[in-house]
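Q: Take this structure, written in structure tokens, and hold onto it; I'll ask about it next.
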Amino acid sequence: IGDGAPAGSYGYTNSGYSVYEEENERLTESLRTKVSAIKSLSIEIGTEVKNQNKMLSEMDNDFDSTGGLLGATMGRLRTLSRGSQTKLLCYMMLFALFVFFVIYWIIKLR
């Protein structure tokens, strides 16, 4: 088509069209690789989020059961504190003696 280009080449070689096409193919392949990496990364993130949500749900259930146990214990302590102070003092002394003997027994076994 002009400027002395050989017939059948349509001036693509002189205009650098093949160089641009090769660069375009290279960039397309690079983009395809990056998109594939982002896709696999997003799938892994989704899996991790599902696992974390499951763990949080289990922790919520554990905290609920612990809260119930703590509430029951506090109720027992209220009941114990309503009793006579002499009875409470006796229980505390017995507990302290028990702990003392357990510690003494552990030290003696060494």
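We did not get these values from a lab; they are worked out from the coordinates using the rules stated. All values reported here derive from a predicted model rather than from experimental measurement. Please note: Cβ atoms are built from the backbone with ideal geometry, for glycine as well, and neighbour counts cover all protein chains shown.
Q: From the phi of every residue in segment 68-79, what ³J(HN,Hα) in whole Hz does the Karplus formula 6.51 cos²θ - 1.76 cosθ + 1.60 yield, where θ is phi - 60° and glycine or proline is x?
A: For segment 68-79, the Karplus-derived couplings read x, 5, 5, x, 5, 5, 5, x, 5, 5, 5, 4 Hz, x marking Gly and Pro.
Q: Run the numbers for Ser42 and Ser30: contour at 0.36 nm per residue of separation, minus the present Cα-Cα distance, in nm.
A: Values: separation 12, 0.36 × 12 = 4.32 nm, distance 1.84 nm.
Between Ser42 and Ser30, full extension yields an extra 2.5 nm.
Q: Could you give each residue of segment 28-33 its phi-based ³J(HN,Hα) in whole Hz, using Karplus coefficients 6.51, -1.76, 1.60 with θ = phi - 60°, and x for Gly or Pro?
A: Whole-Hz 3J(HN,Hα) from phi for segment 28-33: 4, 5, 4, 5, 4, 5.
Q: Quote the FRET efficiency, to the nearest 0.05, computed for Ser81 versus Leu109 with a Förster distance R0 of 35 Å and r equal to the Cβ-Cβ distance.
A: According to the calculation, E is roughly 0.45.
Q: May I ask for log10 I(q)/I(0) of segment 14-83 at q = 0.15, 0.22, 0.25 Å⁻¹, from a Debye sum over the Cα atoms as equal point scatterers with solvent left out?
A: Debye intensities relative to I(0), on a log10 scale: -0.75, -0.94, -1.01.
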